[in-house]
Amino acid sequence: MSGPQIKSAPVLDGPIPFIICIGDSLTEFACQPNGWASHLQHHFVSRRDILLRGMSGYNSRWLLKCLDKIVPSQQPMPQSQHIAAITLLVGTNDAVNPNAKSGPGWPQQHVPVEEYEDNLRIMVEHLASVRNADGSRPIVVVMSPPPQDGEDWHKFMMPMLGDDIGEDEQQQQQQQAELPKQRSLATVESYAKAVQRVVGNAKSEQARSSGGGDDDVSTKRLVFIDLFHSMVADTKGWRRFLSADGVHLSEDGNKFLFERLSKALASIEGSADELPRHTPHFFYVGKSI
């Protein structure tokens, strides 16, 4: 009886590449059990390290100011570091209603869609300019914010909406229900469309600069994932992708994002099990070390 067949993968000659995930709470919380970054780390085990740079509550304005700390503009990257891919997911907080009450002490998160689009353009240009020490470009994956359920978020926020309403419990509930909603599906869609425009324009500019077309290497390494419209179009209903608060991703939502992200990465660099390992599989360790 023959033993198990383990496919021998090539071994890395150099630092283990990493994937930097940049964004707001949808990225910060992605390391939780069944989060999309947890799925990603498991998917790329021994082949990629996952570096999370999610900042809960952040909008594009604040994230832009921190970007150079996360991915320095000084190029190329040092020999000891190799970025395989960068993900960017921001816009969920930009899309809040500026006329609605926030939680106690919260700063104003709203960023107008025009400014958001400009902030995103600068961030995409910055990330697309990154070069590793060997001259290679990281894959840059830009994702639209997913849908939001404004009613569920409003219910979630009600206990934090302040004390300047009636003391009677029934009166409180009625007054809270009548307050302007912080979030809506229609509003976040306009931000999702802005992401699509930014990535489309960036790919067109890259193609013009390089003299190539859609098959140009640089344009292929800039990817757009439309979470909003692909979730809304789901035949089982988009609400299943969100947690009880109507904003953050549920287990289904995290899986949905991971599947589309891993598919996008595989379409460029091949499946994860074909990538070089940072050390040989133990079946081959005697032949390699």
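Within segment 261-289, take every residue that is part of a loop (DSSP other than H, G, I, E, B) and of a type in the set (Ser, Thr, Tyr) and give me the one that is nearest to ARG47 (Cα to Cα). Full working, then the answer.
Going residue by residue through segment 261-289, those that are part of a loop (DSSP other than H, G, I, E, B) are 270-271, 275-276, 278-281, 289.
Still in the list and also of a type in the set (Ser, Thr, Tyr): 271, 279.
On the way: SER271: 11, THR279: 9 Å.
Here the answer is THR279.
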Across segment 75-110, the tally of residues that are of a type in the set (S, T, N, Q) and under 23 Å from the mean Cα position of the chain (by Cα) stands at 7
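Here is a check on your reading of the model: is LYS155 modelled with pLDDT of 95 or more, assigned to a helix (DSSP H, G or I) and open to solvent by 40 Å² or more (accessible area, probe 1.4 Å)?
Numbers: modelled with pLDDT of 95 or more: no; assigned to a helix (DSSP H, G or I): yes; open to solvent by 40 Å² or more (accessible area, probe 1.4 Å): yes.
So LYS155 does not fit the description; no.
Out of the residues in segment 208-224 meeting the condition of being under 11 Å from VAL140 (Cα atoms) and modelled with pLDDT of 80 or more, tell me which one is least open to solvent (accessible area, probe 1.4 Å). Full working, then the answer.
Taking segment 208-224 and keeping what is under 11 Å from VAL140 (Cα atoms), we get 218-224.
Filter once more, keeping what is modelled with pLDDT of 80 or more: 220-224.
Numbers: LYS220: 109, ARG221: 57, LEU222: 4, VAL223: 26, PHE224: 54 Å².
Among them, the one singled out is LEU222.
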Within segment 227-260, the residues that are open to solvent by 30 Å² or more (accessible area, probe 1.4 Å), in a loop (DSSP other than H, G, I, E, B) and aliphatic (A, V, I, L, M) are ALA233, ALA244
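Suppose we filter ASP226, ASP273, ASP252 for residues that are on the phi < 0 side of the Ramachandran plot, in contact with a Phe, Trp or Tyr (Cβ under 8 Å, 6 or more places away or on another chain) and not aliphatic (A, V, I, L, M); which single one remains? Even if it seems obvious, please write down each step before you answer.
On the way: ASP226 fails: in contact with a Phe, Trp or Tyr (Cβ under 8 Å, 6 or more places away or on another chain); ASP273 fails: in contact with a Phe, Trp or Tyr (Cβ under 8 Å, 6 or more places away or on another chain).
Unique residue meeting the criteria: ASP252.
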Does MET143 fit the bill of being under 23 Å from MET231 (Cα atoms) and either open to solvent by less than 40 Å² (accessible area, probe 1.4 Å) or modelled with pLDDT under 85 (or both)?
yes
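The values are calculated or read from the model by the stated rules, or taken from the named source; none is laboratory data. These numbers were taken from a predicted model, which means no experiment stands behind them. Methodologically, a virtual Cβ is constructed for each residue, glycine included, from the backbone with ideal geometry; neighbour enumeration extends over all protein chains shown. When the accessible area is computed, the model is the full protein with side chains, heavy atoms only, and any ligands, DNA or RNA have been set aside. Shrake-Rupley method; radii C 1.70, N 1.55, O 1.52, S 1.80 Å.
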